[in-house]
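Take a look at the structure below.
Please treat every number below as a calculation from the coordinates, not as lab data. In this text, all values refer to a predicted model and were calculated from it rather than measured experimentally. So basically every Cβ, Gly included, is an ideal-geometry build from the backbone, and we count neighbours across all protein chains shown.
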Amino acid sequence: MDINLKEIESAFYSDGFKLGMKVCEAGFEPDTLYAAVAEMYSSVDGFIDILTGFASQQEQPVHCKKGCEWCCHQPVFAMTYELDFLNYFIENNFDEKKKSELKKRAEDKKSAFGFLTETKLLNSKHPCPLLEDGACSAYAARPMACRIYLSSDVNSCLRFYKKPADNNNIPNLLNLPLRAGRMMNEGFKAALKNHGFVAKEYRIEEKLLEKD
């Protein structure tokens with residue numbers, strides 16, 4: 001497979017920008033925003049499916065699968081519009097009991113992280129509020145950061161989970177999905193900024209608790 005990283009980054013940035021422009025042209029109407037975020041995710045997911053299929057053919061399969069949750073215990077950051085989409089999904093798919101349980105887990109995670117320094121925060125481990133029985137309870141609406149975090153070695157993830165402060169314990173992540181997803185988000189964010197909407201970054205639990 002002949003891969004030109006710069007061309008891929010440029011294409012995903014451009015696609016993200018176009019989706020962001022749709023939102024701007026619709027006056028930031030919520031339904032248009034949610035549809036655009038869903039389309040952004042679908043595009044990245046499709047790209048990842050192609051990559052993982054090729055990797056399997058080369059006998060270098062991605063080790064991420066349902067029930068493997070080592071990465072679901074670290075801080076996850078996402079943009080305002082992503083977390084608005086996540087809250088929209090939760091509102092329309094979770095019953096009141098499940099929403100209440102989710103809020104409690106979000107409070108627990110926010111309390112666990114407290115006012116940690118950046119280094120300590122990034123090395124902290126506490127289950128994501130969305131984690132249930134080894135899987136994401138809002139998988140269809142999970143943020144970009146979760147979608148593009150793909151490992152080629154589950155043991156590297158386990159080592160990072162157990163000893164995050166050890167600089168030798170770095171998950172073996174696939175670079176191409178990380179770059180593509182980040183650039184698509186950058187394009188989307190840039191389009192919104194050009195029209196006066198500055199998207200900010202939050203941890204998942206912060207926005208889940210802000211919803212009320």
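Remark: the Leu178-Asp49 segment gains 45.1 nm on full extension, using 0.36 nm per residue and subtracting the alpha carbon distance.
Computed from label points 7 Å out along Cα-Cβ, the spacing between Ser42 and Glu96 is 3.4 nm. For the stretch 158-212, applying the loop criterion from DSSP together with a ceiling of 11 other beta carbons within 10 Å to the GluC sites (Glu not before Pro) yields no site. Other residues with beta-carbon under 15 Å from the beta-carbon of Gly181 carry, at +1 per Lys or Arg and -1 per Asp or Glu, a net charge of -3. Fewest-first ordering of Met183, Met144 by other beta carbons within 10 Å of each residue's beta carbon gives Met183, Met144.
Looking at [x] 1.04; [y] 1.46; [z] 1.37, which value of Cα Rg over 2.2 N^0.38 Å comes from a calculation on the structure shown? So the calculated entry is the one marked [x]. Under a 10 Å cutoff between Cα atoms, tell me which one of Ser14, Ser56, Ser124 has the largest fluctuation in the Gaussian network model of the chain. So, out of Ser14, Ser56, Ser124, the one fluctuating most is Ser56. Structure remark: mean-square fluctuation, Gaussian network model of the chain, C-alpha springs under 10 Å; the largest value among Lys110, Lys18, Lys66 belongs to Lys66. Please check: in the Gaussian network model of the chain (C-alpha springs, under 10 Å), which one of Tyr161, Tyr81, Tyr139 has the largest mean-square fluctuation. Ranking Tyr161, Tyr81, Tyr139 by mean-square fluctuation puts Tyr139 first. Over the residues of the chain, the helix contribution to mean residue ellipticity at 222 nm works out to -19000 deg cm²/dmol, using -39500 (n - 2.57) for each DSSP H run of at least 4.
May I ask you to derive the FRET efficiency for Asn168 and Asn194 from their Cβ-Cβ distance with R0 = 45 Å, giving the value to the nearest 0.05? With a Förster radius of 45 Å, E is 0.60.
The relative contact order of the chain comes to 38 percent, based on Cα pairs under 8 Å that sit 6 or more residues apart. Centre-to-centre separation between the Cα atoms of the stretch 158-212 and those of the stretch 35-63: 17 Å.
Take the residue pairs Lys125/Lys207; Lys120/Lys163; Lys125/Lys193; Lys65/Lys125; Lys109/Lys200 and return only those whose Cα atoms are more than 22 Å apart. Violating the 22 Å limit, Cα to Cα: Lys125/Lys193.
Of the residues His63, His73, the one with the fewest other Cβ atoms within 10 Å heads the list, and the complete ranking is His63, His73. A simple spin-label model places the labels of Lys104 and Ser152 4.3 nm from each other, with each point 7 Å out along Cα-to-Cβ. Here each label is just a point 7 Å from Cα along the line to Cβ, and for Ala135 and Asn4 those points are 4.0 nm apart.
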